[in-house]
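Please read the structure below before turning to the comments.
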Amino acid sequence: MGPYIITYFPVRGRCSAMKILLSDKDQVWKENLVEIADWMKGDLKKSCVFGQLPKFEDGDLVLFQSNAILRHLGRNHDAYGKNNREASLIDMMADGVEDLRTKYLKMIYQDYDNGKDPYIKDLPNHLDKFEAVLVKNKTGFLVGNQPSFADYCLFDLMLNQLVLCPTCLDTFPSLKSFVEKMKSRPKVKAFLESDGYKKLPINGNGKQ
Ligand code: 0HH
């Protein structure tokens, strides 16, 4: 296993959660940052299964689709539950995170000026769902008693929501303590403080 190769644009974007997971699992990866001018030449795009990045290489296995990559890492690094029942619940939670991420990205890339305030106003109606799951599970994680790939997805997305609206978790104590707990895991903390993480903007259009 590893070292892995991650090919992506110079943004945190859809690669942050996988890098946080890899860091927490003590894994190393090589990073190929693709500048937009190189991407526009078209050859790399043509070679990608869906014409998009990220691309993830694990030896001769080449994967596209960030959530498929996260599932692959979850399977191989003990972050996909302890049985099929937990794995199914983890899939459900990861898909729930993806729904909110899609809404966030649509606002960021297509409607920031008019859409930011309504997005923030509606955010509690999404956060309360994750809060309820955390309250019910009682372990501090979404499913089971250790972080799954869905927790890394949620954590990454919550970091972005806090940049957008620093008070957004104030009325969600379990979600807030989830973020604090994930942030204070030593290897996660070290990654979040690294240049590799800090130098990259969250999104590709300067909005956050
Ligand atoms: N469902 C896919 C996944 O989860 C979606 C991938 C995707 O949207 O993997 N890829 C986009 C880049 S992510 C893509 O390949 C958004 C970040 C954009 C930052 C780009 C700015 C670069 C600044 C130098 N888009 C390119 C394309 O579709 O041609």
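The values are calculated or read from the model by the stated rules, or taken from the named source; none is laboratory data. These numbers were taken from a predicted model, which means no experiment stands behind them. As a convention, Cβ positions derive from the backbone with ideal geometry for all residues, glycine included, and neighbour counts pool all protein chains shown. Ligands, DNA and RNA are stripped out before the accessible areas are found, and what is left, the full protein with its side chains, is counted by its heavy atoms. Shrake-Rupley method; radii C 1.70, N 1.55, O 1.52, S 1.80 Å.
Annotation for the stretch 112-151: trypsin sites (Lys or Arg not before Pro) lying in DSSP loop with at most 16 further Cβ atoms inside 10 Å of their Cβ are LYS138.
Considering only protein heavy atoms and a 1.4 Å probe, what is the carbon-and-sulfur percentage of the accessible area of the chain? Roughly 53 percent, rounded to a whole number. Restricting attention to the chain, close to 60% of DSSP beta bridges with both partner residues there are antiparallel.
Protein-only accessible surface at a 1.4 angstrom probe places the residues TYR152, TYR8 in the order TYR8, TYR152, largest first. Across the stretch 1-75, Cα pairs under 8 Å and at least six residues apart give a relative contact order of 40 percent.
Once all protein chains are placed together, HIS77 keeps about 20 Å² accessible to a 1.4 angstrom probe. Rounded to the nearest 20 debye, the dipole size of the stretch 1-150 about its Cα centre is 160 debye, using +1 on the Cβ of Lys and Arg and -1 on the Cβ of Asp and Glu. In the context of the full protein assembly, GLU180 retains an accessible surface of approximately 100 Å², using a probe radius of 1.4 Å and ignoring ligands and nucleic acids. Cross-linked pairs LYS19/LYS207; LYS30/LYS106; LYS19/LYS103; LYS121/LYS199: Cα-Cα separations exceed 25 Å for LYS30/LYS106; LYS121/LYS199. Taking all protein chains into account, the per residue accessible area for the chain stands at 52 Å² (1.4 Å probe). Label-to-label distance, CYS165 versus TYR112, with points set 7 angstrom from Cα along the beta-carbon direction: 1.8 nm. Short-range pairs are left out: with C-alpha atoms under 8 Å and at least six residues apart, the relative contact order of the stretch 46-162 is 27 percent. For the stretch 42-89, the calculated P(r) over all alpha carbon pairs, in 10 Å bins from 0 to the bin holding the longest distance, is 24, 43, 23, 9, 1 percent.
The stretch between ASP195 and ASP95, if pulled fully straight at 0.36 nm per residue, gains 33.0 nm over its current Cα-Cα span. Projecting label points 7 angstrom from Cα along Cα→Cβ for LYS138 and TRP39 puts them 4.6 nm apart. Other residues within the sphere of radius under 15 Å centred on the Cβ of ASN145, judged by their own Cβ, net out at +3 (K and R +1, D and E -1).
Inter-label distance, ASN205 to ASN145: 4.5 nm, where each label sits 7 Å from its Cα along the C-beta direction. Counting Lys and Arg as +1 and Asp and Glu as -1 over every other residue whose Cβ lies under 14 Å from the Cβ of ASP122, the net charge comes to +1. Here the relative contact order of the chain, from alpha carbon pairs under 8 Å that lie six or more residues apart, stands at 27 percent. Its alpha carbons considered, the stretch 116-208 gives a radius of gyration followed by a Dmax of 13.7, 38 Å. Considered as an equivalent ellipsoid built on the Cα gyration tensor, the stretch 24-152 has semi-axes of 29, 24, 11 Å, the largest given first.
Count the net charge of all other residues whose Cβ sits under 11 Å from the Cβ of THR171, scoring Lys and Arg as +1 and Asp and Glu as -1. Intermediate results must be reported in sequence, preceding the final value.
On the way: positive: LYS176; negative: ASP128, GLU131, ASP170.
Here the charged neighbours net out to -2.
Helices in the chain, meaning DSSP H runs of at least 4 residues, each add -39500 (n - 2.57). Divided by all residues, the mean residue ellipticity at 222 nm is -17500 deg cm²/dmol.
For the pairs LYS138/LYS176; LYS82/LYS183; LYS55/LYS82, note any where the Cα-Cα span goes beyond 20 Å.
LYS82/LYS183; LYS55/LYS82
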